[in-house]
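Have a look at the structure below before the remarks.
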Amino acid sequence: MHYLRTGGARPPVVLLHGLIGSGACWTPVARVLEGGFDVVMPDARGHGGSSTPLHGYRYEDHASDVVGLIQGLGLSRPVLMGHSMGGMTAAVVASRRTDLRGLVLVDPTFLSPERQREVHASDVAGQHRRTLASSKAELVAQAQARQPHRSPELLGHLAEARLKTSTEAFDVLTPPNPDYRDVVSAIEVPTLLVIGDSSPVVTFEMATELRGLNPRIRIEQIQDAGHGLPYDQPGRLAEVVASFMRELA
C-alpha cells in the first residue's frame, strides 16, 4: 500500500481519496494541514502506487486496508477523513472502531439501493477504460477547459491518478454497498460531515436526517463546491477540517 506522509510529532490524520483518485490528489489540503498535523495520504488498492489484486474491491476490503495501515504505521488515535468512496470507507472503519479521535466525511458515497444499481449499470467503467488510452497532457487540457479554477498542479495529480486507476477498482460500484444509515448509526466518535452546495451526493436534507440518526454529527456546507469538494475548495475545506480537529480531545 503506497502512501505519502508529511510527518512530524503531531496528531495524525489519514486522508482517503475517492474512486480514480490518489493520495497525491490531497496535496492542496495537506499543505494547509501539515503545520499542525501528521498527514498520511494512502493510495487505495487498485489506485496510484498501490498493488492491484484481481479481487477484493468492496468497501469491507478497503476498510480492512485502512485498519492495516493505521496499525502498520503505529498511528495513535488518528482522525480519519475520506472523500466520496474514501468517505464511505472511512465511515465503515469508524463504525467498527472506537480508537479514532474523530471522523471527517466529505460528501461520501451514501447512495440509495436504486442509485447504486443505476451507477453500476452505467458506462462509467467503460468510459474509464477508454480514458486509459489518453495521455496525461490530454487529460489535463480537457480538465482545464472544464474546471479552469483548479490549479495546474492539482489537475496534473488528478490526471496521473486517473491513468493509474485499474479497471478492477470499479468493482467497488457493485451493489449492495453497506447500508449507510446502519453505518452512521454505529459511529461513536465526533464526526464532521462536509458537503458542497452544488449537486452533492449527500444533500443538506440527507445530512440533517443523518444527524438525527447520530447526534455526534456536525454538518458544514461549503459554498461554490460540487462533489469534488477537495478540488473545488481545498483551502476552505482544510480550514473547516483543521478547526474541527483542534477541538477534539
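The values are calculated or read from the model by the stated rules, or taken from the named source; none is laboratory data. Being a predicted model, the structure only gives us computed values, none of them experimental. In this analysis, Cβ positions are derived from the backbone assuming ideal geometry, glycine residues included, and neighbour counts consider all displayed protein chains. For accessibility, only protein heavy atoms count, side chains too; no ligands or nucleic acids. Shrake-Rupley method; radii C 1.70, N 1.55, O 1.52, S 1.80 Å.
Quick notes
- Placed amide H near Leu193: partners under 5 Å, 5+ positions off or other chain: Leu105, Arg218, Ile219, Glu220
- Remark: accessible surface ordering of Glu239, Glu168 (largest first) is Glu239, Glu168, probe radius 1.4 Å.
- Sequence-distant residues sharing a close amide H with Ala225 (under 5 Å, placed H): Asp197, Ser198
- Accessible surface of Arg218 - all protein chains present, 1.4 Å probe, nearest 10 Å²: 100 Å²
- Span per principal axis, largest first, for the Cα atoms of the chain (Å): 48, 41, 37
- In the chain, the calculated helix contribution to ellipticity at 222 nm averages -12500 deg cm²/dmol per residue, counting -39,500 (n - 2.57) for every DSSP H run with n ≥ 4.
- Kirkwood Rh in Å, taken over all unlike Cα pairs in the range 145-249: 16.0 Å
- Rounded to whole numbers, the Karplus 3J(HN,Hα) couplings from phi for the range 68-77 are x, 5, 4, 5, x, 8, x, 7, 8, 6 Hz, using 6.51 cos²θ - 1.76 cosθ + 1.60 with θ = phi - 60°, and x at Gly and Pro.
- Between amide H atoms placed 1.01 Å from N, distances below 5 Å from Thr165 occur with Gly48, all of them 5 or more places distant or on a separate chain.
- The peptide list 139-148, 175-184, put in order of mean Cβ contacts within 10 Å with the highest first, becomes 175-184, 139-148.
- Residue-normalised accessible area of the range 142-238, expressed per residue, 1.4 Å probe, Å²: 46 Å²
- Shape call, the range 32-178: gyration tensor on alpha carbons, a/c limit 1.5: oblate
- Positive minus negative residues near Asp107 (Lys, Arg vs Asp, Glu; Cβ under 13 Å): -3
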